[in-house]
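Colleague: Below are the structure tokens for one structure; questions will follow.
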Amino acid sequence: MATYDLIVIGTGPGGYVCAIRAAQLGMKVAVVEKNPTLGGTCLNVGCMPSKALLHASEMFEEAGHSFAKMGIGVSAPKLDLPAMMNFKQQGIDGNVKGVEYLMKKNKIDVISGTGRILGAGRVEVTVADGKTQTVETKNIVIATGSDVAKLKGLEIDEKRIVSSTGALSLDKVPGKLLIVGAGVIGLELGSAWRRLGAQVTVVEFLDRILPGMDGEIAKQFQRLLEKQGFAFKLGTKVTGVDTSGKTLMAQVEPAAGGAAETIEADVVLVAIGRTPYTDGLGLKEAGVALDERGRVEIDAHFATSVKGICAIGDVVKGPMLAHKAEDEGVACAEILAGQAGHVNYDVIPSVIYTTPEVSSVGKTEEELKQAGIAYAVGKFPFTANGRSKVNQTTDGFVKILADAKTDRVLGVHIIGREAGELIHEACVLMEFGGSAEDLARTCHAHPTRSEAIKEAALAVGKRAIHM
Ligand code: FAD
Ligand code: NAI
């Protein structure tokens, strides 16, 4: 008889949440983790450390720039980077300990080491000294996440040419930070280091920032970032970096071809996306199929090509987001327990934790146009929102896209302070198939930024009150 009902390989937000849900449903569960700490990319080198640095650097900038106008006199803030890194580490440690506690509480065995699938029902775990053990199980869930996408010609040393991991642990503020890729990582970590004093230049291959985000929102976001001091070189690629001198010399040229130029930098951050991580898992030998992009292929029930082996999170298709991985973990465990687990991929929010924040759920205007769906737009700027006005934080707007015939909300996009919190009322509405009229007729507390959402919903019917 198998020792376990379920072995989950990887303890990121996909894996540990899947393990907990399975244990709640009565399964005997173990997790296998090769890192010394639990929590995966998100807790150790992703979501959580980046948010700690974003928060601390935002406070640093606020203290230097915004306090005086509110009548708060403080002397110029001084940066103690080691202390800020310590603040970040305390946050990581607290969350990692939280996952360890949850494993104990749910009686989940933690097996430390690198997992390799020997076939359905059998996982071999290799520990640091090379010793192996084989564990038997009814089901296996692959939750091994993703890794940094590499760029040819740029050797990441995590000191001067860094991935997000190195950029979260620099030991001094780079004078000049060159970022390759105007995606989420580039703009979040670029924001953190700019606030601490770095001069930031972002080189992006495409002719816009944040591909996939609603175009109108991305344009305004770019303008606001430029006002903060970001320099963008769009439609441009980095072809190599000369590391021989004291400072780095990056060669860049137009993506469409043309004259090359050199950009000097102290640190280069490579942030051009992430790739599914399946190294050493033994998938080929076990017969688990991958798709053309190296992701583990799954069906609608997270089942791979081998019976008894499922996969979730960054290692499968879909947005590489922690909450998507978590929801898949829950649904997968429920399906394994014979229930009807389900993820609604039409309602997965995404948030960029910059100042201002950017958030989005559902379809963009470009996607609706491309799909030939007739839609109505309602927009409301934070300059017309009372709370934003009194706090003098009026950058941004709310944009609601509703079906022109049925009024059903198809997409909501927000740029502005706290946009990452505001988006969730749109998520709940869309989960219930609600209309712009439903939102417009829902009483919103005054004075809140959320009133801008109600006003944008009213604007879909051309009857916003404060505009
Ligand atoms: P992961 O979190 O990558 O975990 C996989 C785990 O599997 C790792 O611990 C790994 O060590 C382990 N593993 C791999 N192979 C083996 C093996 N053979 N044996 C044993 N263990 C193995 N997402 C958000 O939603 N919000 C954010 O704000 C956000 N910020 C981010 C910031 C940065 C800088 C980065 C890099 C990512 C960020 N993400 C964010 C993305 C988020 O981190 C991922 O979507 C999420 O971690 C995916 O979860 P996962 O469980 O699929 O995999
Ligand atoms: P990304 O996919 O968000 O952005 C990569 C950018 O690099 C794109 O704009 C792309 O066009 C550009 N690019 C690709 N190749 C290039 C090249 N050779 N030269 C110049 N530009 C190039 O990827 P990123 O920022 O690395 O983040 C990885 C993933 O991590 C994201 O997909 C996201 O899901 C997740 N993440 C989520 C966060 C959040 O939810 N707040 C925060 C950070 C990461």
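Colleague: If you check every pair at least six apart or on different chains, which have Cβ atoms under 6 Å apart with a residue in the range 185-208 that is within 21 Å of P49 (Cα to Cα) first and a residue that is more than 16 Å from ligand 1 (Cβ to nearest atom) and acidic (D, E) second?
Modeller: What qualifies is R195/E61.
Colleague: Here's something else I'd like to know. Which residue out of G378, G411 is within 26 Å of the chain's Cα centre (by Cα) and assigned to a strand (DSSP E or B)? So that I can check it myself, show each step before the final result.
Modeller: Values: G378 fails: within 26 Å of the chain's Cα centre (by Cα).
The conditions single out G411.
Colleague: Can you name the residue in the range 140-154 that is touching a residue at least 60 places away in the same chain (Cβ under 8 Å) and farther than 23 Å from I312 by Cβ and, of all such residues, is nearest to the chain's Cα centre (by Cα)?
Modeller: Among residues in the range 140-154 that are touching a residue at least 60 places away in the same chain (Cβ under 8 Å) and farther than 23 Å from I312 by Cβ, the one nearest to the chain's Cα centre (by Cα) is K150.
Colleague: If you take the residues in the range 381-405 that are more than 19 Å from T364 (Cβ to Cβ) and β-branched (V, I, T), which one is farthest from the chain's Cα centre (by Cα)?
Modeller: V390
Colleague: Cβ contacts < 8 Å: first residue in contact (Cβ under 8 Å) with a residue 24 or more places away in the chain, restricted to the range 36-57; second residue aromatic (F, W, Y) and within 15 Å of ligand 2 (Cβ to nearest atom), any location; separation 6+ or different chain. Result?
Modeller: Partner pairs satisfying both residue conditions: S50/Y353; K51/Y353; L54/Y353; S57/W193.
Colleague: State whether one or more residues within the range 413-436 are of a type in the set (D, E, K, R), in contact with a His (Cβ under 8 Å, 6 or more places away or on another chain) and surrounded by 16 or more Cβ atoms within 10 Å (Cβ to Cβ).
Modeller: Checked the range 413-436: no residue is of a type in the set (D, E, K, R), in contact with a His (Cβ under 8 Å, 6 or more places away or on another chain) and surrounded by 16 or more Cβ atoms within 10 Å (Cβ to Cβ).
Colleague: Now, a different point. Provide a single number: the residues in the range 36-69 that are modelled with pLDDT under 95 and hydrophobic (A, V, I, L, M, F, W, C).
Modeller: Total meeting the criteria: 3.
Colleague: Something else now. Looking only at residues in the range 9-38 that are of a type in the set (V, I, T) and part of a helix (DSSP H, G or I), which one is surrounded by the fewest Cβ atoms within 10 Å (Cβ to Cβ)?
Modeller: The qualifying residue surrounded by the fewest Cβ atoms within 10 Å (Cβ to Cβ) is I20.
Colleague: Follow-up question, since we're still on this one. Given the residues D171, D129, which is the only one that is closer than 30 Å to F205 by Cα, away from ligand 2 (no atom under 16 Å from the Cβ) and loosely packed, with under 14 Cβ neighbours inside 10 Å?
Modeller: Among D171, D129, only D171 is closer than 30 Å to F205 by Cα, away from ligand 2 (no atom under 16 Å from the Cβ) and loosely packed, with under 14 Cβ neighbours inside 10 Å.
Colleague: If I ask for residues that are assigned to a loop (DSSP other than H, G, I, E, B) and within 12 Å of ligand 1 (Cβ to nearest atom), which ones from the range 165-180 would you list?
Modeller: Correct list: L168, S169.
The values are calculated or read from the model by the stated rules, or taken from the named source; none is laboratory data. Note that this is a predicted model, so its numbers are computed, not measured. With ideal geometry, Cβ positions are generated from the backbone for all residues, glycine too; neighbour counts draw on all protein chains shown.
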